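Derivation of every value follows stated rules applied to the coordinates shown; laboratory data play no part. None of these values were measured; they are calculated from a predicted model. Here the Cβ positions follow ideal geometry from the backbone for every residue, glycine too, while neighbour counts run over all protein chains shown.
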Amino acid sequence: MTERAATGERKMLLDYLESIGVSAPIVAYPAHTSVDEGKQLRGALPGMFTKNLLLKDKKGRLFFVTAHEDTDIDLKTLHTRVDGRGRLGFAAPEVLAALLHVTAGTATPLALFHDTGNEITLVVDRRLDGAEQVNFHPMIHTESIGLSWDDFCTFAHATGHRPLVTALS
């Protein structure tokens, strides 16, 4: 995805959030390629940070998993907690781009506003439940958007994606 396209996607997300009454403060976030690098570069930004994965089961069902950045996700057993059919594996990058309009480095549950057919189940790490602030990329990896847990749930419900909150580690 080009930078121009990503910027357009960001604007669409911000317009969507505004339309459902969700306040979306955004801060610059240094470009990075891993969770560890992001930790070093972000400094003292407040809130909990996440890692985000689009996974599929053996039947092709899709699961968007958002977890606390330090959570070790066991893909061998996760399917038992999310009603998956067999082990979960990574969805192809083309699926991420086609359904959510993002790439692996910009994966965010906020892209679920594009999943109007509700093909994806939203799975959220229990460690994020009730957080004062949860941070995500707003469709681009050079910014962070901080939402309260309640605002994140408002967003999820507005998109038709009721979060399945479960222990992921």
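Descriptive notes on the structure:
- Considering segment 40-57, the residues that are within 17 Å of the chain's Cα centre (by Cα) and not aliphatic (A, V, I, L, M) include one that is surrounded by the most Cβ atoms within 10 Å (Cβ to Cβ), namely Thr50.
- Of all residues in segment 72-91, at least one satisfies being surrounded by 13 or more Cβ atoms within 10 Å (Cβ to Cβ), farther than 22 Å from Arg10 by Cβ and in contact with a helix residue (DSSP H, G or I) (Cβ under 7 Å, 6 or more places away or on another chain).
- Selection from segment 145-169 of residues that are surrounded by fewer than 16 Cβ atoms within 10 Å (Cβ to Cβ), on the phi < 0 side of the Ramachandran plot and assigned to a loop (DSSP other than H, G, I, E, B): Arg162, Ala167, Ser169
- Selected residue (criterion: surrounded by the fewest Cβ atoms within 10 Å (Cβ to Cβ)) from residues of segment 113-137 that are over 20 Å from Gly160 (Cβ atoms) and not acidic (Asp, Glu): Gly130
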